[in-house]
Amino acid sequence: MEQRTVIAGDDHLLLTLTEFDLLSYLGANANTTVAHRELAQAVSGRAHEDEQECLRVLINRFQKTIESSPRDPKYLLTDFCVGYRLRLPD
């Protein structure tokens with residue numbers, strides 16, 4: 001499986017290509033809520049309902065990778081019924 005490394009502070013995070021695409025798209029739209037359908041389209045090339053469910057699973061897994069407390073995320077936020085947002089530190 002092909003992977004990408006992202007450096008966050010002193011940490012080196014090994015991401016799948018899909019996780020990297022997710023981070024890249026959210027990073028390009030930082031601090032802005034990206035709709036579920038738009039993000040699913042950007043990451044997988046499809047925006048069907050089943051893709052949105054896969055996206056939810058991907059987001060959940062990715063939060064566990066980048067958040068110190070995934071149940072109380074600081075960076076990868078869910079805007080319920082709308083989409084997801086990458087909040088960058090000030």
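The values are calculated or read from the model by the stated rules, or taken from the named source; none is laboratory data. The structure presented is a predicted model; accordingly, all values stated were derived computationally and were not measured. So basically every Cβ, Gly included, is an ideal-geometry build from the backbone, and we count neighbours across all protein chains shown. Heavy atoms of the whole protein, side chains included, go into the accessibility calculation; ligands, DNA and RNA do not. Shrake-Rupley method; radii C 1.70, N 1.55, O 1.52, S 1.80 Å.
Assorted remarks:
- Protein accessible area in the chain, 1.4 Å probe - carbon and sulfur %: 50
- Rg over Rh for the chain works out to 0.94, using Cα positions for both radii and the Kirkwood form for Rh.
- In this simple spin-label model, placing a label point 7 Å from the Cα along the Cα-to-Cβ direction at both Ala8 and Asp90 gives a separation of 2.1 nm.
- Model label points for Asp79 and Ser24, set 7 angstrom from Cα along the Cα-to-Cβ axis, are 2.3 nm apart.
- With all protein chains kept in place, the per residue accessible area of the chain amounts to 66 square angstrom at a probe of 1.4 angstrom.
- Normalised by the number of residues in segment 1-58, the mean separation of alpha-carbon contacts (under 8 Å, six or more apart) gives a relative contact order of 23 percent.
- Once the Cβ-Cβ distance of Ser69 and Arg37 is raised to the sixth power relative to R0 = 25 Å, the FRET efficiency obtained is 0.30.
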